[in-house]
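Below: the structure, in structure tokens.
The values are calculated or read from the model by the stated rules, or taken from the named source; none is laboratory data. The structure presented is a predicted model; accordingly, all values stated were derived computationally and were not measured. Heads up, the Cβs are rebuilt from the backbone with ideal geometry, glycines too, and the neighbour counts pull from every protein chain shown.
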Amino acid sequence: MRLRIAIPMVLGTALLLSACGSLSSNGSTTTTPAAKTAYLCGVIPRVDRLVVTRQAPGRPFIFRFPSVVTVTNAFDAQVVAKAACALPDAPKGAQACPLEFVLFYHLVFAVRGEKGMGGEAIDVNPTGCQAVTGLGAVREAMSSINFYRLLGNAMGVRSASYLTFRGAFRTGG
């Protein structure tokens with residue numbers, strides 16, 4: 001009976017160790033190398049344009065700005081890129097987040113000297129844990145009041161917050 005219990009426990013421990021890192025000969029755990037800097041974060045001075053596209057399937061929300069906004073002022077686009085690169089990494093593991101909806105903004109940064117838009121695209125979800133993806137590790141904008149304000153300013157939307165980008169529920173018929 002004990003053998004039946006011990007084998008799954010040993011296998012489970014082995015799986016857990018392989019998922020979290022292997023043991024080196026001195027008994028310490030190895031860690032993965034630091035993530036390299038996201039491309040966008042290395043070319044900020046060359047960013048010269050930004051296109052912001054809202055993706056909100058089902059349209060349960062209303063917004064006070066268009067679903068596609070092009071930011072042609074290079075300085076404003078660079079400010080948004082800097083703010084995105086300064087966001088902290090999201091906490092690892094399971095998180096308790098407020099209600100999250102299928103709503104996100106696709107930000108494409110143009111980089112001077114590259115074909116097409118070039119640069120890098122990131123996605124920002126202003127609901128739930130406010131995840132920002134596309135810059136290496138998942139980052140979170142929840143703790144950054146400035147990110148949404150700076151993005152809104154670049155888009156011509158003054159006094160913006162995550163609530164501005166989350167939108168208001170559509171009421172009525």
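Here are a few things to note about the model shown:
- Some residue of segment 20-43 being basic (K, R), assigned to a strand (DSSP E or B) and either modelled with pLDDT under 95 or within 24 Å of A137 (Cα to Cα) (or both): no
- For segment 48-62, the criterion of being in a loop (DSSP other than H, G, I, E, B), of a type in the set (A, V, I, L, M, F, W, C) and either touching a helix residue (DSSP H, G or I) at 6+ places or on another chain (Cβ under 8 Å) or under 19 Å from G136 (Cβ atoms) (or both) is met by none of the residues.
- Top-ranked residue of segment 59-101 - restricted to ones that are charged (D, E, K, R) and farther than 30 Å from T171 by Cα, ranked as surrounded by the fewest Cβ atoms within 10 Å (Cβ to Cβ): K92
- Where a residue in segment 75-98 is in contact (Cβ under 8 Å) with a residue 12 or more places away in the chain and within 14 Å of F147 (Cβ to Cβ) and its partner, wherever it lies, is among the hydroxyl-bearing types (S, T, Y) and surrounded by fewer than 19 Cβ atoms within 10 Å (Cβ to Cβ), with Cβ under 7 Å and at least six apart: P88/S143
Yes/no per residue for (1) surrounded by 17 or more Cβ atoms within 10 Å (Cβ to Cβ); (2) in contact (Cβ under 8 Å) with a residue 60 or more places away in the chain; (3) among the β-branched types (V, I, T):
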position	(1), (2), (3)
G128	no, no, no
A131	yes, no, no
A154	yes, yes, no
S161	no, no, no
